[in-house]
Structures are given as structure tokens and as C-alpha cells.
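Have a look at the structure below, then the notes.
The values are calculated or read from the model by the stated rules, or taken from the named source; none is laboratory data. Here the structure is a predicted model, which is why all the values come from computation and not from measurement. So basically every Cβ, Gly included, is an ideal-geometry build from the backbone, and we count neighbours across all protein chains shown.
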Amino acid sequence: MKKRRSRRKNRYFSRGVMFLLCAVFAVLFLAPTVLTITNSFMTESEINSNYGMVFSTTTGGYVSEHVNLKFIPDKVTVSQYITGLVRSPEYLMKFWNSVILTVPIVFLQVAVASVAAYSFTRWRGKIRSGIFFFYVILMLMPYQVTLVPNYLVAERLGVLNTRWSIILPGMFAPFSVFLLTKYMRRIPYALIEAAKIDGCGEWQTFTRICLPQCRAALCSIAILVFIDYWNMVEQPLVLLNDAEMQPLSVYLSTINSGEIGLAFAMATVYMFPSLLIFLAGESYLMEGITHSGSIKG
Amino acid sequence: MLSKTKRTEKANPGTERVKKARSGTGRRERERIRSKTGRKERVKDFLRSLCFLCPSFLGVCLFFIVPFAVVVKYALTDSSAADAVFVGIDNFKKLMTNAAFKLAAKNTLTFSAAAVPLSVILAIVLALMLESRIPMKSAFRSFFLSPMMVPVASIVLIWQVLFNFNGSFNVLIEATGGKAIDWLNSDYAQLVVILLFLWKNLGYNMILFMSGLHNIPKELLEYADVEGASEWYKFWAIKLRYLSPTVLFVTILSLINSFKIFREVYLLAGNYPYQGLYTLQHFMNNMFNSLDYQKLSAAAIIMAVVMIVLIAFLFMIENWFGKDVEG
């Protein structure tokens with residue numbers, strides 16, 4: 001009896017330790033995001049006196065020697081947002097650049113991939129499984145390998161320095177083909193067969209049977225693709241020489257020391273869409289990640 | 001009768017036999033088409049499948065395969081002009097003696113060698129932690145996953161505040177009597193980037209491991225409990241065995257992501273970081289700027305080969321390690 005009680009106590013103790021550990025990790029994981037958001041509500045002078053010496057090379061008289069990391073601003077203000085969004089249009093322009101690069105890629109990539117995934121699901125043979133294997137290899141290649149071919153094609157097609165140089169290769173990225181194929185292969189074959197017997201053509205089978213079945217999959221893939229391209233830095237740096245066309249992700253790193261507060265505000269604006277998507281589609285995202293889980297099979 | 005048993009097998013997915021049965025259905029289907037209809041119908045069917053594959057495959061050909069052939073040609077010749085001369089592996093030799101490339105390759109490899117195992121192990125730890133019965137489990141899961149959604153560009157400001165010479169960490173270190181470290185301009189720079197990498201990627205990997213843990217047969221763990229196995233033994237002998245495909249995948253994924261670390265470095269330290277942070281992508285960017293196609297192509301090919309070899313190697317290890325588990 002006593003032993004059992006002590007064991008139970010032990011279990012509660014270990015659970016408590018687990019909880020504390022999780023809490024510590026959670027704070028570590030959340031802190032950078034939360035700090036960025038709260039700091040974006042600080043006044044410029046407060047930001048400057050707190051972090052001025054980090055970003056400026058010459059230390060002015062009014063800043064303290066060390067940074068003073070603060071979670072809660074002394075005085076909450078939205079003036080940074082007003083400056084960034086209303087008074088200086090270049091930030092909004094860059095934000096728009098990010099949108100106009102990312103959104104077409106998400107839609108086009110999912111559209112192209114779903115058709116290809118249907119083909120990989122519906123027909124199988126040596127050639128097609130060979131092609132599929134090739135897609136997997138391509139998916140596993142780092143940017144450094146694929147950027148060079150992309151650059152060469154963009155140059156040949158004459159779309160270098162335009163948005164198309166990023167959108168076009170983005171359309172055909174093999175990742176979503178791979179993931180969607182894995183989803184679609186779960187659809188019972190009898191369903192497709194039944195549709196065929198009922199007189200559905202291939203296209204109808206695809207749009208009426210297959211696509212509705214993997215609506216969740218399409219959502220989760222769209223989210224994954226969105227994150228990937230919303231966050232991109234490498235492609236625009238190589239493929240877009242024109243600073244005007246750079247997305248906000250690249251532009252944010254070029255802020256000068258006078259505008260730290262503004263940069264914090266714009267950083268928050270930049271993470272806003274993806275956080276929103278995260279909150280709205282977390283279950284889809286989770287599912288998408290789970291299904292991406294094994295390369296085999 | 002035979003077809004009936006096959007159908008029942010199909011009803012419980014996830015076993016090895018189903019896979020066979022499934023491909024069997026495909027084969028039967030094909031045989032059916034073959035027997036019922038003539039050659040004409042088969043050709044039609046093939047053409048239809050081609051129609052669906054076309055958009056994607058043509059795009060892949062145009063943007064990846066064909067240009068990669070050009071890349072191979074550049075790598076093997078002395079100039080990108082029409083009168084290029086075949087020079088064999090000269091470009092590779094030149095690249096191998098290039099100091100910048102060597103530095104970049106060394107940095108990327110040391111970074112991967114440190115960051116990939118760390119991210120795998122820590123992700124397993126996180127997944128195991130969330131597997132135990134604690135309150136607010138799903139909230140913790142979202143918290144751990146949230147960094148993945150935050151663009152790196154948004155949080156580098158905070159990272160700079162933390163790791164600047166006058167930054168928070170040095171304040172902390174000096175308060176406890178240590179000596180301030182210039183994080184981003186010393187050999188500690190890699191550590192800073194590794195932290196950022198882990199922060200960003202652990203959540204994703206954790207979710208993968210959680211689903212892997214979820215797929216372990218419960219009976220097996222209960223049986224181990226009855227037999228009095230310790231937690232440690234259960235982890236080592238059962239869980240890890242079943243997780244081995246996930247470990248393989250997470251390792252490959254982390255490896256790919258570790259090649260993408262340029263993004264973080266660029267946003268933190270710009271185009272010309274401390275030499276410990278000079279990555280392969282920096283090298284590539286410089287080559288793009290000087291339009292040195294030969295070096296670029298040779299570097300891309302070397303990386304592709306290294307990547308393929310590494311992945312094949314990982315697959316072999318996984319096959320050996322998880323061979324007695326039916327996954």
C-alpha cells in the first residue's frame with residue numbers, strides 16, 4: 001500500500017518536472033516572437049535608448065552602454081505602424097512585392113501539383129515510378145543546386161530581374177507533387193473505378209472524386225508552400241537585382257539605425273499573415289507535416 | 001474467392017501485404033484493360049496519363065532537367081561561349097583549390113554536423129516530453145511549432161539585440177562575472193546560428209516524431225510494462241526502433257534545412273559575415289555576381305553528388321537499424 005502511494009507520488013512529481021520543462025521551453029520558443037511584437041509598440045525614443053547601440057556604429061550620448069531588453073513598453077504607441085504603413089509607402093510596396101510573389105506561387109504550384117499527383121495515383125508503371133523517384137530526389141536538393149539551373153533558364157527566357165524568374169520555377173517545385181501523391185494514394189481505388197463505371201471521364205473523376213477527397217491535403221500543402229515562399233531570401237537575392245522588387249524579407253535586413261522602431265513594426269506586420277494562417281489552419285498544418293513524414297511508401 | 005481475400009486485406013491498410021495487394025490491383029487493372037480492349041485503348045490510356053502528368057513534368061524538364069544538363073556542360077568546359085573546349089575535371093580541380101569554396105564547404109559541413117544531430121535529438125526529447133500526460137499539451141505543441149511560421153526576417157532584430165557585443169547575453173554574462181563575448185564576430189558565431197536554426201526547426205521535427213510515436217503499437221508498450229521494463233529500456237528497445245524511419249526523414253530534412261542556413265546568416269550579418277559564418281550560398285552569391293558559370297556549375301554538381309551520397313548512406317543505415325521492425 002505504502003509502496004503504491006509512493007509510486008503515485010513519484011509519478012506526480014515526474015509529471016510536474018515535465019510540465020516545468022515544457023514551460024521553460026515554451027517561453028524560450030515564444031520569447032523572440034512576443035518580444036518583436038511588444039517592442040513594435042514602443043516609441044522611437046524608447047527603442048533608441050534601449051537598443052540604440054546595437055544598430056548604430058557611433059554611440060550617441062543619450063543611449064546607455066548596454067541594451068535593456070524589455071517585454072512591456074513604457075508607453076504604448078502605434079506611431080511606428082502609422083509611419084510605416086501610411087507615411088512611407090516603400091514598406092507597403094515591399095510588402096506588396098512579397099504578396100505578389102508568394103500568392104501566385106501557392107496557387108499555381110498546388111494546381112499543377114494536383115494534376116500531376118492524379119496522374120501518379122491513377123496510372124502506375126515503371127516509367128512513371130521512375131519519374132516519381134526523380135521528383136523525390138529533386139525535392140531533396142538544396143537551393144544551391146537548383147538555383148543555378150533556374151538562373152540559366154531565366155536568363156535564356158529573358159525573365160531575369162522580373163517576378164516571373166521566381167514564380168515560374170516555384171510553380172513546378174516537386175515538393176507538393178510528392179505530398180499530394182501520397183495523400184491521393186490513400187483514396188480507395190474502388191471509388192475511382194466506380195466513377196469510371198458510372199461514366200466519368202478522367203477529368204471528371206479528377207475534379208469530382210479526387211479533389212474533394214483531398215481538400216484538407218490541399219489546404220495543408222498550400223500552408224506549407226506559403227510559409228516556404230513567404231520566408232524566402234535566396235531566390236530574390238540571386239534572381240532579382242532590382243532593389244525595387246525585393247520582398248520585405250530582404251528589405252527588412254537593410255534598415256538603418258535611425259529606424260529601429262519602424263523595423264520592429266514592419267517585422268510584426270510581416271509575420272502577421274503567416275501567424276494568422278497558423279492560427280486558422282494549425283490542424284491542417286499539423287496534418288500536412290505528419291503526412292510528409294516518410295519518404296518511403 | 002481469391003479476389004475476395006484480397007479485398008479483405010485491402011480493408012486494413014498499413015501492412016506490408018496491403019502494399020502488395022494494392023500494386024496487385026494496379027496490375028489486375030492493367031491486365032483487365034489489356035485483355036478487354038485492344039492496343040488502341042492502351043495507347044489512349046497512356047496518352048491520357050501523359051496529359052495529366054504533362055504540365056508538371058514539362059515544367060520540371062524546362063526549369064530543372066534541361067538546364068542541369070547545361071550546368072554539366074559548363075562544368076566540363078572552359079567557357080560558356082559557343083567555342084567551349086572540353087576540359088574534363090579541370091573546373092572541379094580549380095574549385096577544390098579555391099580558398100573561398102574550401103572555407104564555405106568547411107563551414108557548411110561543420111554547421112550541419114553540429115546542427116543536424118542536435119535538432120534530431122532535441123526534437124525526440126520534445127516529442128517524448130509532450131507524450132507524457134501533462135496539462136496544456138496542445139497549447140505547448142502550438143507554442144513549439146509557432147517559430148516555424150515566423151519569418152526569419154522578423155525576428156533577426158531580436159536576435160541582434162540578444163547577441164550583440166552590448167547585447168542581453170553579454171549583460172547576463174558580465175553580471176555573473178564572466179567576460180563579454182563578441183558573439184557574431186568570433187568563433188561563437190556558429191553557435192548563435194545553430195540556436196536560431198534549432199529555434200526555427202525543432203517544432204516541425206517534433207510533430208514528425210510525435211506522429212511516429214503515435215504509430216507504435218500500444219500492445220507492445222503495455223507488454224513491456226507488464227514485463228517490468230524500465231522507461232529507458234522501452235525507449236531504447238521499442239520506441240527508437242519504431243522511430244527509425246522518422247529519424248531518417250528528420251535527418252534528411254534537417255540536412256536540407258541546414259544548407260539553407262544562409263538565410264539566417266544573411267539577415268543577421270549581411271553579405272560579408274565573420275568568416276566562420278561564410279556559407280556555401282555566400283560563395284554562390286559571389287559567383288553569381290561575377291557570373292562565373294564554371295565555378296557555379298562545378299559547385300552545384302559537387303553539392304548534388306554529396307547530397308545524393310549522404311542520403312543513400314542514411315537510407316542504408318536506416319535499413320540496417322530498422323530491419324527487424326515491420327514499419
Can you pull out every residue in region B:214-241 that is surrounded by fewer than 19 Cβ atoms within 10 Å (Cβ to Cβ) and within 30 Å of B:Val309 (Cβ to Cβ)? B:Asn215, B:Trp236, B:Leu240, B:Arg241
In region B:136-150, which residues are of a type outside the set (Phe, Trp, Tyr) and either facing another protein chain (nearest Cβ under 7 Å) or surrounded by 20 or more Cβ atoms within 10 Å (Cβ to Cβ) (or both)? B:Arg141, B:Ser142, B:Leu145, B:Ser146, B:Pro147, B:Met148, B:Met149, B:Val150
Being part of a helix (DSSP H, G or I) and either assigned by TED's automatic domain parsing to the domain that holds A:Gly261 or at pLDDT below 90 (or both) narrows A:Val24, A:Val54 down to just A:Val54
B:Val125: free of Cβ contacts under 8 Å to residues at least 60 places away in the same chain, assigned to a helix (DSSP H, G or I), surrounded by fewer than 17 Cβ atoms within 10 Å (Cβ to Cβ) and out of contact with any Ser or Thr (no Cβ under 6 Å at 6 or more places or on another chain), yes or no? yes
Taking interchain pairs and intrachain pairs at least six residues apart, which have beta carbon atoms under 8 angstrom, with the first residue in region A:184-201 and facing chain B (nearest Cβ under 8 Å) and the second of a type outside the set (Gly, Ala, Ser) and loosely packed, with under 13 Cβ neighbours inside 10 Å? A:Arg186/B:Pro13
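Of the residues B:Leu291, B:Leu310, B:Leu268, which is more than 28 Å from B:Val71 (Cβ to Cβ) and surrounded by fewer than 23 Cβ atoms within 10 Å (Cβ to Cβ)? So that I can check it myself, show each step before the final result.
Values: B:Leu291 fails: more than 28 Å from B:Val71 (Cβ to Cβ); B:Leu310 fails: more than 28 Å from B:Val71 (Cβ to Cβ).
The unique qualifying residue is B:Leu268.
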Filter region B:78-90 for residues that are of a type in the set (S, T, N, Q) and either modelled with pLDDT of 85 or more or surrounded by fewer than 14 Cβ atoms within 10 Å (Cβ to Cβ) (or both) and give the result. B:Ser79
Would you check if there is a residue in region B:295-313 being within 21 Å of the chain's Cα centre (by Cα), among the aromatic types (Phe, Trp, Tyr) and either on the phi < 0 side of the Ramachandran plot or outside the structural domain of B:Val125 (by TED's automatic domain parsing) (or both)? yes
Test A:Ile127 against the criterion of being aliphatic (A, V, I, L, M), surrounded by fewer than 18 Cβ atoms within 10 Å (Cβ to Cβ) and within 24 Å of A:Tyr189 (Cβ to Cβ), and give yes or no. yes
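Regarding B:Ser112, is this residue modelled with pLDDT of 85 or more, part of a helix (DSSP H, G or I) and within 15 Å of B:Tyr204 (Cα to Cα)? Step through it out loud before you land on a result.
Values: modelled with pLDDT of 85 or more: yes; part of a helix (DSSP H, G or I): yes; within 15 Å of B:Tyr204 (Cα to Cα): no.
For B:Ser112, the condition - modelled with pLDDT of 85 or more, part of a helix (DSSP H, G or I) and within 15 Å of B:Tyr204 (Cα to Cα) - is not met.
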Conditions (1) modelled with pLDDT under 85; (2) within 10 Å of chain A (Cβ to nearest Cβ): number failed by B:Phe57: (1)
Residues being more than 7 Å from chain B (Cβ to nearest Cβ) and either under 22 Å from B:Ile207 (Cα atoms) or free of Cβ contacts under 8 Å to residues at least 40 places away in the same chain (or both): count how many of those fall in region A:233-249. 1
When you go through (1) more than 9 Å from every other protein chain (Cβ to nearest Cβ); (2) surrounded by fewer than 21 Cβ atoms within 10 Å (Cβ to Cβ) one by one for B:Glu174, which number turns out not to apply? (1)
Has region A:106-129 got at least one residue that is at pLDDT 90 or above, within 19 Å of A:Pro236 (Cβ to Cβ) and of a type in the set (S, T, N, Q)? yes
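Scan A:Val153, A:Val136 and give me the residue that is at pLDDT 85 or above, closer than 28 Å to A:Thr290 by Cα and either touching a Cys at 6+ places or on another chain (Cβ under 9 Å) or surrounded by fewer than 22 Cβ atoms within 10 Å (Cβ to Cβ) (or both). Reasoning before the result, please.
Values: A:Val153 fails: closer than 28 Å to A:Thr290 by Cα.
Step by step, each of A:Val153, A:Val136 is checked, and only A:Val136 is at pLDDT 85 or above, closer than 28 Å to A:Thr290 by Cα and either touching a Cys at 6+ places or on another chain (Cβ under 9 Å) or surrounded by fewer than 22 Cβ atoms within 10 Å (Cβ to Cβ) (or both).
Against the condition more than 13 Å from chain A (Cβ to nearest Cβ) and modelled with pLDDT of 70 or more, how does B:Arg48 come out, does it pass? Working first, answer last.
Numbers: more than 13 Å from chain A (Cβ to nearest Cβ): no; modelled with pLDDT of 70 or more: yes.
When the stated conditions are applied, B:Arg48 does not pass them.
Every residue in region B:151-168 that is more than 8 Å from chain A (Cβ to nearest Cβ) and under 27 Å from A:Ser274 (Cβ atoms), please.
To start, the set of residues in region B:151-168 that are more than 8 Å from chain A (Cβ to nearest Cβ) comprises B:163, B:165.
Residue satisfying the conditions is B:Phe163 alone.
In region B:180-205, what residues are away from chain A (no Cβ under 12 Å), in a helix (DSSP H, G or I) and out of contact with any helix residue (DSSP H, G or I) (no Cβ under 7 Å at 6 or more places or on another chain)?
Correct list: B:Asn185, B:Leu191.
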